[in-house]
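This report concerns only the one structure given below.
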């Protein structure tokens, strides 16, 4: 269905922002998924884990293995990731304000 595809496209545009918003501190993948879902932004494992690896390879995230207990890879924004997050957050807020103005009175 066309609307499903368009909604998916819209969502893809903000998934990086959503992930970066929650990685100001180290989190492992499952914890991050639960946090995002709890705040209304569920994400599939098949989307999240490749995204985390890609963002790390781009220098946006740093990671570390922790072996106290079950071994897990933890991710956090790198300094470059924090700068990117600030820019994307500003862009998002500007777009949100513009869309609010554009859709004013539609309800």
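Each reported figure results from applying straightforward, stated rules to the coordinates on display, with no laboratory input. The structure presented is a predicted model; accordingly, all values stated were derived computationally and were not measured. Heads up, the Cβs are rebuilt from the backbone with ideal geometry, glycines too, and the neighbour counts pull from every protein chain shown.
Please give the FRET efficiency for residue 31 paired with residue 106, using the beta carbon to beta carbon distance and R0 = 41 Å, rounded to the nearest 0.05.
Efficiency, rounded to the nearest 0.05: 0.60.
If you count, for each residue, the other Cβ atoms within 10 Å and average over each peptide, how do 91-102, 71-82 line up from highest to lowest?
71-82, 91-102
If I model a spin label as a point 7 Å beyond the Cα along the Cα-Cβ vector, how far apart are those points for residue 63 and residue 4 in nm?
Taking the simple label geometry, residue 63 and residue 4 are separated by 3.0 nm.
What distance in nm lies between label points placed 7 Å from Cα along the C-beta direction at residue 49 and residue 82?
Label at residue 49, label at residue 82, 3.0 nm between them.
Hey, what's the Cα Rg ratio for the range 53-107 versus the globular rule of thumb, 2.2 N^0.38 Å?
Dividing the Cα Rg of the range 53-107 by 2.2 N^0.38 Å gives 1.76.
Could you compute the FRET efficiency for residue 91 and residue 70, with r as their C-beta to C-beta distance and R0 at 41 Å, rounded to 0.05?
So the FRET efficiency works out to roughly 0.65.
Does the range 2-91 classify as rounded, prolate or oblate by the C-alpha gyration tensor (a ≥ b ≥ c root eigenvalues; a/c under 1.5 gives rounded; else a/b over b/c gives prolate, otherwise oblate)?
Note, shape of the range 2-91 comes out oblate.
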